[in-house]
Amino acid sequence: ALIIHKALVAYEFCSPSPYLTGVRVMMGTHEWYVINLYLPSRGDARRAALGAVREAVRAVFARDGSARLLLLGDWNTDKEGLARLLRRWRQPLSVVKCCGNSATFRGTRTWTSIDHMVVSSEARTLMLGAKVNRSWDLSDHWPLEGRIRVLGLPPTEEVAGTTVQRLDKALLQEKREDILSHTIWDALAVDEDIEGLSDWFES
């Protein structure tokens, strides 16, 4: 599952799969592709899961070669094994470095590092590292947390002859309820007679 803060706009983009969930989400002025995944440890199930994740990654880069992509979850492999896997995929992906002890899972005898965050080259500079949160003990996995540097809107500037304006956050907050309750959104809820829906919504 992926839980998205209600203040963020997000859309599902992956085909349904028991191994991954994916959303496109706006964070600041950047759109991110976020895939939460679980890879079984071995066998046909692992091969199927790897195929599903790899296909989702390919689809992202086919759509946008400079996508900001974040893959996170239980890879059921150590950092070295994951690095080898990513090299075989031949995609612009790398493992986010973990600050401190990276072990997240208590096996039969010892702790291991099998939960990881992977980012595309475009997202690497916006990731501020990962860290295991050892204040939670609700699972046999410690949560792995990552921080993202969210960029604000650029100042007013001329771009290709068009003025780019800085949004007035105070005015947006003042008009928040008007925007949320506007009847224009009703067009998105229509589930029949969809011919011409885009024209209706735009008008």
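The values are calculated or read from the model by the stated rules, or taken from the named source; none is laboratory data. Since the structure is predicted, the reported quantities are computational estimates derived from the model, not experimental observations. Note that each Cβ is placed from the backbone with ideal geometry, even for glycine, and that neighbours are counted across all protein chains shown. Note: areas computed on protein heavy atoms with side chains; ligands, DNA, RNA excluded. Shrake-Rupley method; radii C 1.70, N 1.55, O 1.52, S 1.80 Å.
With the structure loaded, tell me whether ILE35 is under 30 Å from LEU180 (Cβ atoms), at pLDDT 95 or above, β-branched (Val, Ile, Thr) and under 11 Å from the mean Cα position of the chain (by Cα) or whether it fails that test. Spelling it out, ILE35 is indeed under 30 Å from LEU180 (Cβ atoms), at pLDDT 95 or above, β-branched (Val, Ile, Thr) and under 11 Å from the mean Cα position of the chain (by Cα). Screening LEU2, LEU69 for residues that are surrounded by 13 or more Cβ atoms within 10 Å (Cβ to Cβ), modelled with pLDDT of 95 or more and either more than 27 Å from LEU128 (Cβ to Cβ) or not β-branched (Val, Ile, Thr) (or both) leaves exactly one candidate, LEU69. Annotation note: Cβ proximity below 8 Å between a residue of the range 43-55 that is within 16 Å of LEU72 (Cα to Cα) and a residue that is assigned to a helix (DSSP H, G or I) (sequence gap 6+ or interchain) occurs for LEU50/LEU85; ARG54/TRP89. Filtering the range 52-66 to residues that are over 18 Å from MET117 (Cβ atoms), open to solvent by 40 Å² or more (accessible area, probe 1.4 Å) and either part of a helix (DSSP H, G or I) or polar (S, T, N, Q) (or both) leaves GLU55, ARG58, ALA59, ALA62, ARG63, SER66. Among the residues making up the range 21-49, those that are open to solvent by 20 Å² or more (accessible area, probe 1.4 Å), closer than 22 Å to ALA123 by Cα and of a type outside the set (Lys, Arg) are THR21, MET26, MET27, GLY28, THR29, HIS30, GLU31, ASN36, TYR38. Filtering the range 67-97 to residues that are part of a loop (DSSP other than H, G, I, E, B) and free of Cβ contacts under 8 Å to residues at least 12 places away in the same chain leaves only ARG90. Among the residues of the range 81-93, is any among the basic types (Lys, Arg) and closer than 19 Å to LEU2 by Cβ? The answer is no, given that none of the residues of the range 81-93 is among the basic types (Lys, Arg) and closer than 19 Å to LEU2 by Cβ. On the given criteria, is ASP168 in contact with a Pro (Cβ under 9 Å, 6 or more places away or on another chain) and at pLDDT 75 or above? Judged against the criteria, ASP168 is not a match. Would you confirm, using the coordinates I've provided, whether ASP140 is at pLDDT 70 or above, under 30 Å from SER113 (Cα atoms) and either open to solvent by 100 Å² or more (accessible area, probe 1.4 Å) or not basic (Lys, Arg) (or both)? Judged against the criteria, ASP140 is a match. Among the residues making up the range 73-114, a single one is open to solvent by 20 Å² or more (accessible area, probe 1.4 Å), of a type outside the set (Phe, Trp, Tyr) and touching a His at 6+ places or on another chain (Cβ under 6 Å): VAL95.
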